[in-house]
């Protein structure tokens, strides 16, 4: 038998703050939806599934934000009891209903290495004693490893890296990207 979720407790002041934030023109819809979940969960004790149906969201989402608010409820009530301003309470509420930081993958290459690969792609391949008129991703990867810019780099990574904008040749693509970054002057970052 499904359990009825615990009712969230909101003071009149916190309810007023959340309702104002939910109605605010500049409140992102994702945050407004989370506020609606908290407000609805504080009014009546219902199954997450019932609340989800009323709000048109997934029950798992209702459960997640209900749990998150419930976990922070003591801290929020303590801040209110300690005389926090409405703005401070709003900030605490928004931080409670915001996504947690997710680190992702650390970048494999430094900005300096990326700048050196861009500079390499802008060079004439003949200056590197290559019998070609245009660089390919494979040739750039091989040359970057030969020059010890990077220990290793895949052809696919070079290809993705250099296709910031679509052009006929890789040099034009990289040059257009670099010009966009340096204000159209065509100057490459110094140093290699």
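Of note:
- Net length gained if the chain between residue 142 and residue 155 were fully extended (0.36 nm per residue, minus Cα distance): 3.8 nm
- Centre separation in Å (Cα based) which lies between the stretch 14-47 and the stretch 80-107: 15
- Relative packing of peptides 76-82, 105-111, 137-143 - highest average C-beta neighbours within 10 Å first: 137-143, 76-82, 105-111
- Over all projection directions, the Cα-based convex hull of the stretch 60-165 averages an area of 11.6 nm².
- Each residue in 157, 134 was given a count of other beta-carbon atoms within 10 angstrom of its own, and listing them fewest first yields 134, 157.
- Relative contact order %, the stretch 1-139, counting alpha carbon pairs below 8 Å whose residues are six or more apart: 21
- Its relative contact order, with pairs defined as Cα atoms under 8 Å and 6+ residues apart, puts the stretch 105-163 at 30 percent.
- Rg over Rh for the stretch 1-108 works out to 1.01, using Cα positions for both radii and the Kirkwood form for Rh.
- Computed lengthening from residue 127 to residue 85, 0.36 nm per intervening residue step minus Cα-Cα distance: 8.5 nm
- Hull volume per residue, based on the alpha-carbon atoms of the stretch 67-110 and their convex hull, is 98 Å³.
Every read-out reported here was derived from the displayed coordinates using simple, explicitly stated rules and does not represent laboratory data. Values in this document were obtained by computation on a predicted structure and should not be read as measured data. Cβ sites come from the backbone with ideal geometry, for glycine too, and all protein chains shown count toward neighbours.
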